[in-house]
Each structure stands twice: as C-alpha cells, then as structure tokens.
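To start, the structure under review is shown below, and the notes come after it.
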Amino acid sequence: MSEPLSFAALPARRLRPFADPAVRALLADCLIGLEKETLRVTPAGRVAQTPHPPALGSALTHPHITTDFSEALVELVTPALSRPQTVLDVLRDLHLFVYRHIGDERLWAASMPCVLDGGADIPLARYGRSNAAEMKTVYRRGLGNRYGRTMQIIAGVHFNFSLPEAFWEPYQAEVGGSQDDGPAAARDAGYMGMVRNLQRLGWMVPYLFGASPAVCRSFVQDPTTDLEVFDAQTFYYPYATSLRMGDIGYQNRQEEGTGLKANYDSLDAYTRSLTWAIRTPCPHYESIGTKVNGRWEQLNDHVLQIENEYYSTVRPKQLTDWMEFPTLALRRRGIRYVELRSVDVNPFEPLGIELEQMHFLALFMLYCLLLPSPTISPRERRWIDSNEVLAAHRGREPGLRLQCSAGAIALRDWGEQVLEAMAPLAELMDGAGGGASEGAGGSAFQAALRAQQLKMAAPEATPSARILDEMRARGEGFAEYARRLTEQHWEGFRRLELDPARAASLARLAADSRARQAQIEAHDEGDFDHFLARYFAQTETEPVTLRSPFAPADGLNEERA
C-alpha cells in the first residue's frame, strides 16, 4: 500500500463538485458546535470543592451545561449551528448563566489546572441516585484509579464539524466509491478519510493554537520529569506549544501494557477495534479490582471501560440513544459529525476560543476531507504519534524536523506548504456566502488562513510563545499568570448583562433537566449490578434495553463523559 503524500495541493477533481453553484452553496450550511471544559476554582485559585450548583440544572440531563470528570469541571455544550458567531454567542450566554450561579467562584482561564493538593482534593462528578448516574460516577472513579485524578481535570475545547447531507451525493459522484453503496457509505468513508488526515496533520493544531507551554509544579507527579524549571513553582519546555497534548497527559500512557490502537481504516474497522477493547479483559487493570468491599472501583477490568476512555485527538461521532454504546450508534446510523479534540483553551480569550480560530478550524477540517487519504500504515502511525509529541514539546524550536513519507521535513516548511495548499479552498468557502463566511468583509476564511501563515513564519506570534513572553515580562509563574487572566475574564463577565429572554430560557432548561432527572430516578428498575450487566449485553442487532422515555430529545449519551 502506498504511503500518502505529506503535503499537496488539492487535486482538481476534489474541487470539481463545487463548480456547481448549488453544491458550492452547501458550504454555507456546514455545522459547527463547541464543547468547552472549564474548571471551577475558588478566588484563591484552588479547585472548588462545592457541588455542581442545582440552579445550573442536572448535569445528567441538561443538554448544554454538564460536568466532565469532576464536580468542578464544567462542560458547556453549544448546539451545532451554521454561523460561527452565533455559536460563540451561545457559548457566551452559557458562561454568563454559569457565573450567575457560582457565587464568588471563577472559571479557570487555562487548559492546565490550577494549584493542586493531590488527587484526593479533586471531587468526582456525581449525577444523582439513578443507575445511569451511578454508572457515570463509577466510570470516572475507574479513570482516576487507572490514570490518576490530576490528569483528568485538564481542560480543552472540542470542535465539532459536519457537512450537510445533501453534500455527499455530488461528493460521491466525483470522489468516493461505488454508486451502488449510496451517499451514506460515501459520507462514512469521507469522514473516516478526514479523521485520518486530521491525524496526519494534527501536529498543526498544537503549533498554531497550543496555549499550554508551562504547568504548575503541583501538577507534575513524576519526580524524574525532564521538564525544565521556569521558576520555583512552574515547569515548562522552552519551545513547547501544548503540554496538554504532550506525553505528560494520560493519552500516551493509556496504551502501556494494553496493546490498544484504534484502527481508522474504515468505520467498520474503527468500531470493531474499540468493541474489542471494551470486551477484552486486561491484566494491567485487574489489580484495581472491580467491585471491592461493596464499592465499584471501575466499570470492568477490560482494556477500556467504555469507548470514551480511548483518548484520541479526533473522533467520528453519532448522537446516541439513551445508554446506547457509541460504537453501536456509529454502526447503526453512520457518522454524523467529526470531533476535533486537540484544541487548548485560549487564555487570552474569555470564551477560550475566538472567531478567527473557528473559521480556520472549519477550513482545516474541510481540507482534510478533500485531501486524498490512504489508510495509515504501522510505520506512518509511529510518525503520527512522534510528530504530535514533538510539536507539543518543541514545536517552536528552530529547525525542528518532523517525519513524513517524503522523509524528514522542517515543521515550518511542511506547515507553510499545507497552508498554501488551503488557499483555493479558503477562497471557495468565502465565495459560498452565508453565515459561515461572516466577518473580515466577507473574506473571513482567507483572513483566518493569512493569520495562521503569519504564525508559521513567525513562531513568536503563536499563543504559546506569547504566554511565555508575558510570564517572563511580568515575572509570573504559570499559576499566577493563569489566575490573573482568570480574574480579568471574571471582571469582564461581571460587566456583561445576560439578555432577559435568554436568561429565562436557560432557567427553564435547568428546571426541565432537574425534572427529567427526578423522573429517571423515580422509574429506575433493578439494582446497579443488573443495570450494568444489561448495558454491556448490548449488541448491534439487539435493541437497547435501557431506553428511557425521559431522555432529552437530542439524546443523552456517554459521549459527554
């Protein structure tokens, strides 16, 4: 099997469908959604010990405000919309609503956490008294037992992207597969190709948007670390972009002793590889135990407790029914969207992400769809993993070279060629019109591309370089720096007013979510042991046996776990 080109202009036939104005107009209907994690902290900058405020609604059932690993790790989920600015407006309103109900607590401005006193002070998220709630908490207890709790409160922004269903028929006619398979098969194959290319070129995301070049000393548990000393309370690498995406996180450690590697050759190969992992016992985790002295310490001792435990920079996704396996949802209904998970929280932005970045990420994901995408060989998989860590730890280092099918290549040379190859697509996206190209005089995608070309040519313009420069100029360590920006954002949100109609709508959503949680608890059947056994007994051909009539209309799923 031939290795893919590492960088290339888009083949002309890949752009040919857009010669049709009707197809070109579909680009304005691409959908974008955000999931932003943010840590609740005290005014002193420590992890909040308070429970998730009831006024925010039920973390189990609320469609937009939930929690991740910890009670203190809030997750804000926007709907998928075609206008990036509207997505940001929704995210702003969610921030304002949260700030109304957390008293004097703050939302931490950075991906890497605040000063920690060890994992024992990180409270696990709790979701009520139902079996479904217990399952979510046990899953998190298992994560803590397997990888340590400190790793689990690293925050990020997940960028979700999809194309309209009407796009896939003309795409298939020019690009993808047998006409007998239908547009749905072309869609799934196209999205899996996008996923593979997002991994090949994934190192660009930490380089361009990485915002975690330093970390509080209290976070680092390994006494043999080769991180360098920035000051008495801060570790860093001089040319780091995103320590969150480096090997101090648990994503690389996850594979030690398990032999797990997801297979991205096709949707079928991907779901089968994850299904194997959640069905296969792992000696690595047997020592933890499952139910110990009457308390569940993990959902099982398998390679993965559930699919979400497999950390990846990008995932193909489908909305799930109540308590449905994500892999079964993919097998039954195909891929609905692709989730890019490698985006750091931008501490310079109160929302953690800004409009220009969203335009570029949408452009980048579309480029990765249209670029040819052969399957990933074992050798290329090693290059992908190595390139990601090199870019995260040393991305701004002069002369840094990455590995691709053409041999070793300077990161900046590779990046400049990729960005140049994206220029015709940026022009096409702006020409599509609609909300997606709003801003910059109707040339938002081209402007966003130029901004990234500047960063590639001038590493000092990247967020990671700006953070370290500011820390040096002010004589601040990481915790002090992040706390100062946290206070600035807090003051800014205090000066903003939440639209009364929007506030009332969010209050109704919160009340409805609490009512749904109460109904789920009132109608719970059986004990937790039997509930869990039924959950793991799901198969592709068997209907879900745990369906709840009280779930929200857009699905309640463990993908938010």
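The values are calculated or read from the model by the stated rules, or taken from the named source; none is laboratory data. Worth saying up front: this structure is predicted, and the values here are computed from it rather than measured. Positions of Cβ are backbone-derived with ideal geometry, glycine not excepted, and every protein chain shown enters the neighbour counts. Remember, those area values only see protein heavy atoms, side chains included, never the ligands or the DNA or RNA. Shrake-Rupley method; radii C 1.70, N 1.55, O 1.52, S 1.80 Å.
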Within the range 24-48, track down each residue that is part of a helix (DSSP H, G or I) and open to solvent by 10 Å² or more (accessible area, probe 1.4 Å). Arg24, Ala25, Leu26, Ala28, Asp29
Quick one: which of Gln179, Gln172 is modelled with pLDDT under 95, open to solvent by 20 Å² or more (accessible area, probe 1.4 Å), polar (S, T, N, Q) and more than 26 Å from Lys261 (Cα to Cα)? Gln179
For the range 117-137, state whether one or more residues are in contact with a His (Cβ under 8 Å, 6 or more places away or on another chain), at pLDDT 95 or above and open to solvent by less than 10 Å² (accessible area, probe 1.4 Å). yes
Odd one out for Pro63, checked against (1) assigned to a strand (DSSP E or B); (2) open to solvent by 10 Å² or more (accessible area, probe 1.4 Å): (1)
Taking the condition of being under 17 Å from Asn197 (Cα atoms) and open to solvent by less than 40 Å² (accessible area, probe 1.4 Å), how many residues in the range 402-423 meet it? 9
Identify, by number, the condition in (1) without any contact (Cβ under 8 Å) to a residue 24 or more places away in the chain; (2) open to solvent by less than 10 Å² (accessible area, probe 1.4 Å); (3) part of a loop (DSSP other than H, G, I, E, B) that Ser58 doesn't meet. (1)
Inspect the range 233-249 for any residue being modelled with pLDDT of 95 or more and of a type in the set (Val, Ile, Thr) and give the result as yes or no. yes
Considering only residues of the range 320-335 that are at pLDDT 95 or above and assigned to a loop (DSSP other than H, G, I, E, B), which is farthest from the chain's Cα centre (by Cα)? Gly334
Picking from Ala80, Ala25, Ala8, the residue that is closer than 30 Å to Ala408 by Cα and in contact (Cβ under 8 Å) with a residue 12 or more places away in the chain would be Ala8
Using the structure shown, decide if Thr86 is in contact with a helix residue (DSSP H, G or I) (Cβ under 8 Å, 6 or more places away or on another chain) and in a helix (DSSP H, G or I). yes
Quick one: in the range 66-83, which of the residues that are of a type in the set (S, T, N, Q) and in a loop (DSSP other than H, G, I, E, B) is farthest from Ala511 (Cα to Cα)? Ser82
Filtering the range 148-169 down to residues that are surrounded by 15 or more Cβ atoms within 10 Å (Cβ to Cβ), in contact (Cβ under 8 Å) with a residue 40 or more places away in the chain and not aliphatic (A, V, I, L, M) yields Gly148, Arg149, Thr150, Gln152, Gly156, His158, Phe159, Asn160, Phe161, Ser162, Phe167
Under 8 Å by Cβ, and 6 or more places apart or on different chains, what pairs join a residue from the range 115-144 that is without any contact (Cβ under 8 Å) to a residue 24 or more places away in the chain with one that is open to solvent by less than 10 Å² (accessible area, probe 1.4 Å) and part of a loop (DSSP other than H, G, I, E, B)? Thr137/Ala125; Thr137/Tyr127
Tell me which residues, restricted to the range 366-379, are under 19 Å from Tyr311 (Cα atoms) and either in contact with a Leu (Cβ under 9 Å, 6 or more places away or on another chain) or not in a loop (DSSP other than H, G, I, E, B) (or both). Pro378
Give the range 336-347 a look and list any residue that's closer than 23 Å to Thr61 by Cα, open to solvent by less than 10 Å² (accessible area, probe 1.4 Å) and either of a type outside the set (Asp, Glu) or in a loop (DSSP other than H, G, I, E, B) (or both), or say none. Val338
